[in-house]
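A quick write-up on the structure given underneath.
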(Lines give C-alpha, C1' and ligand atoms only; values in the text may rest on other atoms or scores of the structure.)
Protein backbone atom coordinates (compact mmCIF):
# COMPACT_ATOMS: atom_id res chain seq x y z
CA UNK A 1 0.00 0.00 0.00
CA UNK A 2 2.84 2.39 0.75
CA UNK A 3 4.30 1.96 -2.73
CA UNK A 4 0.84 2.52 -4.17
CA UNK A 5 0.66 5.78 -2.23
CA UNK A 6 4.07 6.93 -3.44
CA UNK A 7 3.20 6.22 -7.08
CA UNK A 8 0.01 8.24 -6.69
CA UNK A 9 2.12 11.26 -5.77
CA UNK A 10 3.84 11.24 -9.17
CA UNK A 11 1.95 14.22 -10.56
CA UNK A 12 3.04 16.35 -7.65
CA UNK A 13 6.58 15.03 -7.94
CA UNK A 14 6.64 16.56 -11.43
CA UNK A 15 5.57 19.86 -9.88
CA UNK A 16 8.31 19.41 -7.29
CA UNK A 17 10.89 19.12 -10.05
CA UNK A 18 9.60 22.28 -11.69
CA UNK A 19 10.05 24.14 -8.41
CA UNK A 20 13.32 22.52 -7.36
CA UNK A 21 15.38 22.61 -10.57
CA UNK A 22 15.66 26.40 -10.85
CA UNK A 23 16.63 26.57 -7.18
CA UNK A 24 19.27 23.88 -7.57
CA UNK A 25 21.15 26.14 -9.97
CA UNK A 26 21.70 28.51 -7.04
CA UNK A 27 24.12 27.05 -4.48
CA UNK A 28 22.54 29.09 -1.67
CA UNK A 29 19.05 27.76 -2.46
CA UNK A 30 19.79 24.05 -2.64
CA UNK A 31 18.44 23.38 0.83
CA UNK A 32 15.15 25.02 -0.06
CA UNK A 33 15.05 23.12 -3.35
CA UNK A 34 15.40 19.81 -1.53
CA UNK A 35 12.68 20.85 0.88
CA UNK A 36 10.41 21.67 -2.09
CA UNK A 37 10.70 18.16 -3.47
CA UNK A 38 10.20 16.46 -0.10
CA UNK A 39 7.25 18.59 0.96
CA UNK A 40 5.37 18.37 -2.34
CA UNK A 41 5.59 14.58 -2.53
CA UNK A 42 4.73 14.04 1.15
CA UNK A 43 1.83 16.48 0.91
CA UNK A 44 0.43 14.76 -2.17
CA UNK A 45 0.66 11.38 -0.46
CA UNK A 46 -1.24 12.64 2.56
CA UNK A 47 -4.08 14.05 0.49
CA UNK A 48 -4.25 10.95 -1.67
CA UNK A 49 -4.65 8.84 1.46
CA UNK A 50 -7.52 11.06 2.60
CA UNK A 51 -9.38 10.99 -0.71
CA UNK A 52 -8.65 7.60 -2.26
CA UNK A 53 -11.21 4.77 -2.19
CA UNK A 54 -8.62 2.32 -0.89
CA UNK A 55 -9.43 0.56 2.38
CA UNK A 56 -7.02 2.12 4.83
CA UNK A 57 -8.61 0.51 7.89
CA UNK A 58 -5.71 -1.94 8.17
CA UNK A 59 -3.09 0.78 8.10
CA UNK A 60 -1.79 1.83 11.47
CA UNK A 61 -3.45 5.08 12.53
CA UNK A 62 -0.60 6.97 14.08
CA UNK A 63 0.27 10.61 14.51
CA UNK A 64 2.64 12.43 12.23
CA UNK A 65 6.06 10.88 11.98
CA UNK A 66 8.79 12.64 13.98
CA UNK A 67 10.32 15.47 11.99
CA UNK A 68 13.83 14.59 10.81
CA UNK A 69 16.61 17.00 11.80
CA UNK A 70 17.35 17.61 8.12
CA UNK A 71 13.79 18.64 7.26
CA UNK A 72 13.51 20.72 10.45
CA UNK A 73 16.73 22.51 9.51
CA UNK A 74 15.49 23.19 5.97
CA UNK A 75 12.23 24.64 7.29
CA UNK A 76 14.17 26.82 9.73
CA UNK A 77 16.34 27.98 6.81
CA UNK A 78 13.23 28.91 4.84
CA UNK A 79 11.74 30.76 7.83
CA UNK A 80 14.95 32.75 8.20
CA UNK A 81 14.97 33.47 4.47
CA UNK A 82 11.46 34.93 4.71
CA UNK A 83 12.42 37.07 7.68
CA UNK A 84 15.11 38.60 5.49
CA UNK A 85 12.93 38.67 2.33
CA UNK A 86 9.30 39.07 3.48
CA UNK A 87 8.08 39.84 -0.06
CA UNK A 88 9.16 36.47 -1.50
CA UNK A 89 5.83 35.11 -2.71
CA UNK A 90 7.14 31.69 -3.75
CA UNK A 91 8.89 31.37 -0.39
CA UNK A 92 5.64 31.89 1.52
CA UNK A 93 3.89 29.32 -0.66
CA UNK A 94 6.68 26.82 0.02
CA UNK A 95 6.49 27.57 3.75
CA UNK A 96 2.75 26.87 3.67
CA UNK A 97 3.40 23.52 1.99
CA UNK A 98 6.10 22.74 4.51
CA UNK A 99 3.79 23.41 7.42
CA UNK A 100 1.01 21.28 5.91
CA UNK A 101 3.34 18.34 5.34
CA UNK A 102 4.64 18.56 8.92
CA UNK A 103 1.23 18.97 10.55
CA UNK A 104 1.50 22.67 11.44
CA UNK A 105 -1.82 23.51 9.82
CA UNK A 106 -2.59 26.76 11.64
CA UNK A 107 0.84 28.07 10.69
CA UNK A 108 0.16 26.98 7.11
CA UNK A 109 -3.00 29.12 7.05
CA UNK A 110 -0.98 32.16 8.11
CA UNK A 111 1.66 31.52 5.44
CA UNK A 112 -0.89 31.07 2.66
CA UNK A 113 -2.85 34.15 3.76
CA UNK A 114 0.38 36.15 3.57
CA UNK A 115 1.05 34.79 0.09
CA UNK A 116 -2.46 35.71 -1.04
CA UNK A 117 -2.01 39.25 0.28
CA UNK A 118 1.30 39.60 -1.57
CA UNK A 119 -0.34 38.46 -4.80
CA UNK A 120 -3.59 40.41 -4.34
CA UNK A 121 -5.39 37.06 -4.33
CA UNK A 122 -3.98 36.09 -7.74
CA UNK A 123 -1.53 33.33 -6.77
CA UNK A 124 -2.78 29.97 -8.02
CA UNK A 125 -0.37 28.03 -5.80
CA UNK A 126 -1.38 29.95 -2.68
CA UNK A 127 -5.07 29.56 -3.48
CA UNK A 128 -5.00 25.82 -4.06
CA UNK A 129 -2.50 25.29 -1.24
CA UNK A 130 -4.79 27.06 1.21
CA UNK A 131 -7.64 24.81 0.08
CA UNK A 132 -5.47 21.72 0.54
CA UNK A 133 -4.55 22.82 4.05
CA UNK A 134 -8.20 23.31 4.98
CA UNK A 135 -9.05 19.87 3.60
CA UNK A 136 -6.26 18.20 5.56
CA UNK A 137 -7.28 20.05 8.73
CA UNK A 138 -10.85 18.74 8.37
CA UNK A 139 -9.70 15.14 7.87
CA UNK A 140 -10.17 15.14 4.10
CA UNK A 141 -13.60 16.82 4.10
CA UNK A 142 -14.09 19.62 1.58
CA UNK A 143 -15.25 22.52 3.73
CA UNK A 144 -17.21 25.39 2.13
CA UNK A 145 -14.14 27.64 2.32
CA UNK A 146 -11.93 24.96 0.75
CA UNK A 147 -14.52 24.46 -2.01
CA UNK A 148 -14.52 28.20 -2.69
CA UNK A 149 -10.74 28.22 -2.98
CA UNK A 150 -10.74 25.20 -5.30
CA UNK A 151 -13.30 26.90 -7.55
CA UNK A 152 -11.08 29.98 -7.66
CA UNK A 153 -8.16 27.74 -8.60
CA UNK A 154 -10.12 26.20 -11.49
CA UNK A 155 -10.96 29.70 -12.70
CA UNK A 156 -7.29 30.70 -12.55
CA UNK A 157 -5.97 27.58 -14.30
CA UNK A 158 -8.75 25.50 -15.88
CA UNK A 159 -6.34 22.91 -17.32
CA UNK A 160 -4.17 22.47 -14.23
CA UNK A 161 -4.27 18.84 -12.97
CA UNK A 162 -4.51 19.80 -9.30
CA UNK A 163 -7.25 22.32 -10.04
CA UNK A 164 -9.23 19.69 -11.95
CA UNK A 165 -8.74 17.13 -9.17
CA UNK A 166 -9.79 19.35 -6.28
CA UNK A 167 -12.37 21.21 -8.36
CA UNK A 168 -13.99 17.82 -9.02
CA UNK A 169 -14.20 17.12 -5.30
CA UNK A 170 -15.65 20.60 -4.67
CA UNK A 171 -18.35 20.00 -7.29
CA UNK A 172 -19.12 16.51 -5.98
CA UNK A 173 -19.65 17.57 -2.37
CA UNK A 174 -22.20 20.19 -3.39
CA UNK A 175 -24.04 17.62 -5.51
CA UNK A 176 -22.99 18.86 -8.96
CA UNK A 177 -22.11 15.39 -10.24
CA UNK A 178 -22.06 16.42 -13.91
CA UNK A 179 -19.39 19.06 -13.28
CA UNK A 180 -17.37 16.71 -11.04
CA UNK A 181 -17.48 14.04 -13.75
CA UNK A 182 -16.40 16.47 -16.49
CA UNK A 183 -13.45 17.78 -14.46
CA UNK A 184 -12.18 14.32 -13.54
CA UNK A 185 -12.60 13.09 -17.12
CA UNK A 186 -10.63 16.14 -18.28
CA UNK A 187 -7.91 15.20 -15.81
CA UNK A 188 -7.84 11.60 -17.07
CA UNK A 189 -7.42 12.98 -20.61
CA UNK A 190 -4.15 14.58 -19.43
CA UNK A 191 -2.70 11.05 -18.93
CA UNK A 192 -1.79 11.09 -15.23
CA UNK A 193 -0.11 8.00 -13.70
CA UNK A 194 -2.15 4.79 -13.79
CA UNK A 195 -2.90 4.72 -10.03
CA UNK A 196 -4.33 8.24 -10.28
CA UNK A 197 -6.52 7.15 -13.19
CA UNK A 198 -7.67 4.17 -11.11
CA UNK A 199 -8.63 6.44 -8.22
CA UNK A 200 -10.46 8.88 -10.53
CA UNK A 201 -12.38 6.10 -12.27
CA UNK A 202 -13.50 4.81 -8.88
CA UNK A 203 -14.68 8.28 -7.89
CA UNK A 204 -16.51 8.73 -11.20
CA UNK A 205 -18.23 5.36 -10.69
CA UNK A 206 -19.45 6.56 -7.29
CA UNK A 207 -21.23 9.44 -9.01
CA UNK A 208 -23.57 6.94 -10.69
CA UNK A 209 -24.39 6.56 -14.39
CA UNK A 210 -23.91 9.57 -16.62
CA UNK A 211 -27.11 11.36 -17.73
CA UNK A 212 -28.48 10.36 -21.13
CA UNK A 213 -27.77 13.85 -22.49
CA UNK A 214 -24.14 14.56 -21.64
CA UNK A 215 -23.47 17.28 -24.21
CA UNK A 216 -23.26 19.99 -21.56
CA UNK A 217 -21.08 17.89 -19.28
CA UNK A 218 -18.79 16.89 -22.12
CA UNK A 219 -18.44 20.50 -23.10
CA UNK A 220 -17.45 21.43 -19.58
CA UNK A 221 -14.90 18.64 -19.52
CA UNK A 222 -13.46 19.62 -22.87
CA UNK A 223 -13.32 23.25 -21.84
CA UNK A 224 -11.58 22.43 -18.58
CA UNK A 225 -8.88 20.54 -20.41
CA UNK A 226 -8.54 22.83 -23.40
CA UNK A 227 -6.42 25.62 -21.98
CA UNK A 228 -6.19 28.61 -19.74
CA UNK A 229 -8.94 30.47 -21.56
CA UNK A 230 -11.54 27.75 -20.98
CA UNK A 231 -14.74 28.60 -19.21
CA UNK A 232 -15.78 27.02 -15.93
CA UNK A 233 -19.27 25.59 -15.77
CA UNK A 234 -21.63 27.31 -13.37
CA UNK A 235 -23.32 25.49 -10.51
CA UNK A 236 -26.53 23.64 -11.33
CA UNK A 237 -29.78 25.36 -10.46
CA UNK A 238 -30.45 22.58 -7.97
CA UNK A 239 -27.54 23.77 -5.82
CA UNK A 240 -27.79 27.51 -6.43
CA UNK A 241 -29.68 29.61 -3.90
CA UNK A 242 -30.54 33.23 -3.16
CA UNK A 243 -30.71 35.43 -0.09
CA UNK A 244 -33.16 38.24 0.62
CA UNK A 245 -31.81 40.82 3.03
CA UNK A 246 -33.60 43.84 4.49
CA UNK A 247 -31.17 46.69 5.16
CA UNK A 248 -31.65 49.20 7.96
CA UNK A 249 -29.45 51.71 9.76
CA UNK A 250 -29.24 52.71 13.41
CA UNK A 251 -30.63 56.14 14.34
CA UNK A 252 -27.20 57.19 15.62
CA UNK A 253 -25.60 56.68 12.20
CA UNK A 254 -28.42 57.88 9.95
CA UNK A 255 -27.26 61.50 10.27
CA UNK A 256 -23.90 60.52 8.75
CA UNK A 257 -25.43 59.39 5.47
CA UNK A 258 -24.69 61.41 2.36
CA UNK A 259 -27.10 61.30 -0.52
CA UNK A 260 -26.17 58.82 -3.20
CA UNK A 261 -23.13 57.33 -1.43
CA UNK A 262 -22.27 53.83 -2.71
CA UNK A 263 -23.63 50.90 -0.72
CA UNK A 264 -22.02 47.46 -1.12
CA UNK A 265 -24.02 44.44 0.00
CA UNK A 266 -22.26 41.08 -0.12
CA UNK A 267 -22.15 37.53 1.24
CA UNK A 268 -18.91 35.75 2.20
CA UNK A 269 -17.98 32.53 3.92
CA UNK A 270 -16.91 33.45 7.49
CA UNK A 271 -13.15 33.87 7.68
CA UNK A 272 -12.65 33.27 3.95
CA UNK A 273 -10.19 35.26 1.87
CA UNK A 274 -10.76 36.21 -1.73
CA UNK A 275 -13.88 37.56 -3.44
CA UNK A 276 -17.34 37.23 -1.88
CA UNK A 277 -19.85 34.64 -3.06
CA UNK A 278 -22.23 37.38 -4.20
CA UNK A 279 -22.15 41.18 -4.19
CA UNK A 280 -24.31 44.13 -5.28
CA UNK A 281 -23.26 47.77 -5.67
CA UNK A 282 -26.17 50.04 -4.78
CA UNK A 283 -26.57 53.47 -3.21
CA UNK A 284 -27.77 54.54 0.21
CA UNK A 285 -31.24 54.91 -1.34
CA UNK A 286 -31.54 51.13 -0.90
CA UNK A 287 -31.42 51.46 2.91
CA UNK A 288 -34.85 50.64 4.27
CA UNK A 289 -35.62 48.20 1.46
CA UNK A 290 -35.06 44.50 0.78
CA UNK A 291 -32.68 43.26 -1.89
CA UNK A 292 -31.81 39.82 -3.26
CA UNK A 293 -28.38 38.26 -3.70
CA UNK A 294 -28.24 35.32 -6.09
CA UNK A 295 -25.96 33.50 -8.54
CA UNK A 296 -26.43 36.46 -10.90
CA UNK A 297 -24.38 38.49 -8.40
CA UNK A 298 -21.45 36.03 -8.28
CA UNK A 299 -18.03 37.53 -9.02
CA UNK A 300 -16.31 34.25 -9.96
CA UNK A 301 -17.72 31.53 -12.25
CA UNK A 302 -18.40 28.35 -10.32
CA UNK A 303 -18.83 30.21 -7.00
CA UNK A 304 -22.32 30.99 -5.77
CA UNK A 305 -24.54 30.86 -2.71
CA UNK A 306 -25.47 27.29 -1.85
CA UNK A 307 -28.44 26.13 0.23
CA UNK A 308 -27.38 25.20 3.75
CA UNK A 309 -24.19 27.30 3.76
CA UNK A 310 -23.43 29.52 6.74
CA UNK A 311 -22.41 32.92 5.40
CA UNK A 312 -21.74 36.40 6.72
CA UNK A 313 -23.88 39.13 5.16
CA UNK A 314 -22.40 42.62 5.14
CA UNK A 315 -23.75 46.01 4.08
CA UNK A 316 -21.20 48.82 3.87
CA UNK A 317 -21.57 52.48 2.97
CA UNK A 318 -18.34 53.39 1.15
CA UNK A 319 -17.73 57.13 1.23
CA UNK A 320 -14.62 56.63 -0.93
CA UNK A 321 -16.66 54.80 -3.55
CA UNK A 322 -14.20 51.91 -3.51
CA UNK A 323 -15.06 48.27 -2.67
CA UNK A 324 -12.12 48.07 -0.23
CA UNK A 325 -13.07 49.08 3.32
CA UNK A 326 -11.79 52.45 4.51
CA UNK A 327 -11.79 54.32 7.80
CA UNK A 328 -15.10 56.09 8.42
CA UNK A 329 -17.22 53.68 6.36
CA UNK A 330 -20.51 52.64 7.92
CA UNK A 331 -21.29 48.94 8.00
CA UNK A 332 -23.32 46.15 9.55
CA UNK A 333 -23.02 42.37 9.55
CA UNK A 334 -25.24 39.42 10.32
CA UNK A 335 -24.60 35.65 10.18
CA UNK A 336 -27.06 33.74 8.03
CA UNK A 337 -27.78 30.18 6.89
CA UNK A 338 -28.76 30.18 3.24
CA UNK A 339 -32.21 28.77 2.60
CA UNK A 340 -33.07 28.23 6.27
CA UNK A 341 -33.37 31.64 7.88
CA UNK A 342 -35.99 33.56 5.87
CA UNK A 343 -35.41 37.26 5.22
CA UNK A 344 -32.17 38.47 6.81
CA UNK A 345 -32.42 41.58 8.97
CA UNK A 346 -29.24 43.61 8.66
CA UNK A 347 -28.66 46.85 10.54
CA UNK A 348 -25.80 49.21 9.67
CA UNK A 349 -24.58 50.09 13.16
CA UNK A 350 -20.75 50.26 13.08
CA UNK A 351 -18.16 52.79 11.95
CA UNK A 352 -14.95 51.41 10.44
CA UNK A 353 -11.90 52.48 12.49
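The values are calculated or read from the model by the stated rules, or taken from the named source; none is laboratory data. All of these numbers come straight from a predicted model, not from anything done at the bench. Heads up, the Cβs are rebuilt from the backbone with ideal geometry, glycines too, and the neighbour counts pull from every protein chain shown.
The residues on offer are 216, 234, and the sole one that is surrounded by 16 or more Cβ atoms within 10 Å (Cβ to Cβ), modelled with pLDDT under 50 and not assigned by TED's automatic domain parsing to the domain that holds residue 291 is 234.
Suppose the filter is part of a loop (DSSP other than H, G, I, E, B), farther than 29 Å from residue 173 by Cα and in contact (Cβ under 8 Å) with a residue 24 or more places away in the chain; does residue 353 pass it? For residue 353, the condition - part of a loop (DSSP other than H, G, I, E, B), farther than 29 Å from residue 173 by Cα and in contact (Cβ under 8 Å) with a residue 24 or more places away in the chain - is met. Given the options 223, 229, name the one that is at pLDDT below 75, in a helix (DSSP H, G or I) and within 21 Å of the chain's Cα centre (by Cα). Just a single option satisfies the conditions, and that option is 223.
For every residue, the table says whether it meets (1) farther than 22 Å from residue 179 by Cα; (2) at pLDDT 90 or above.
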{"site": "113", "(1), (2)": "yes, yes"}
{"site": "124", "(1), (2)": "no, yes"}
{"site": "127", "(1), (2)": "no, yes"}
{"site": "137", "(1), (2)": "yes, no"}
{"site": "150", "(1), (2)": "no, yes"}
{"site": "161", "(1), (2)": "no, no"}
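Each row is one residue, and each column tells you yes or no for (1) closer than 30 Å to residue 176 by Cα; (2) assigned to a loop (DSSP other than H, G, I, E, B); (3) out of contact with any helix residue (DSSP H, G or I) (no Cβ under 9 Å at 6 or more places or on another chain).
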position: 272; (1), (2), (3): yes, yes, no
position: 279; (1), (2), (3): yes, no, no
position: 311; (1), (2), (3): yes, no, no
position: 314; (1), (2), (3): yes, no, yes
position: 336; (1), (2), (3): yes, no, yes
position: 346; (1), (2), (3): no, no, yes
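Being at pLDDT below 80 and touching a strand residue (DSSP E or B) at 6+ places or on another chain (Cβ under 7 Å) is the filter; apply it to the stretch 298-315 and report the residue that is surrounded by the most Cβ atoms within 10 Å (Cβ to Cβ). So, considering only residues that are at pLDDT below 80 and touching a strand residue (DSSP E or B) at 6+ places or on another chain (Cβ under 7 Å), the one surrounded by the most Cβ atoms within 10 Å (Cβ to Cβ) is 304.
Output the residues belonging to the stretch 338-348 that are at pLDDT below 90 and at negative phi.
Keep residues of the stretch 338-348 that are at pLDDT below 90, which gives 338-342.
Once the filter is applied, which keeps residues that are at pLDDT below 90 and at negative phi, the stretch 338-348 yields 338, 340, 341.
Given the options 328, 321, 342, 332, name the one that is touching a strand residue (DSSP E or B) at 6+ places or on another chain (Cβ under 6 Å) and either free of Cβ contacts under 8 Å to residues at least 24 places away in the same chain or surrounded by fewer than 20 Cβ atoms within 10 Å (Cβ to Cβ) (or both). Sole residue among the options that is touching a strand residue (DSSP E or B) at 6+ places or on another chain (Cβ under 6 Å) and either free of Cβ contacts under 8 Å to residues at least 24 places away in the same chain or surrounded by fewer than 20 Cβ atoms within 10 Å (Cβ to Cβ) (or both): 321.
The single condition among (1) at pLDDT 90 or above; (2) closer than 30 Å to residue 189 by Cα; (3) in a loop (DSSP other than H, G, I, E, B) that residue 155 does not meet is (3). So for the stretch 72-95 (the condition being under 26 Å from residue 174 (Cβ atoms) and touching a residue at least 12 places away in the same chain (Cβ under 8 Å)), does at least one residue qualify? Taking every residue of the stretch 72-95 in turn, none turns out to be under 26 Å from residue 174 (Cβ atoms) and touching a residue at least 12 places away in the same chain (Cβ under 8 Å). Residues in the stretch 260-296 that are free of Cβ contacts under 8 Å to residues at least 40 places away in the same chain and farther than 27 Å from residue 152 by Cα were compared, and the one that is surrounded by the most Cβ atoms within 10 Å (Cβ to Cβ) is 284.
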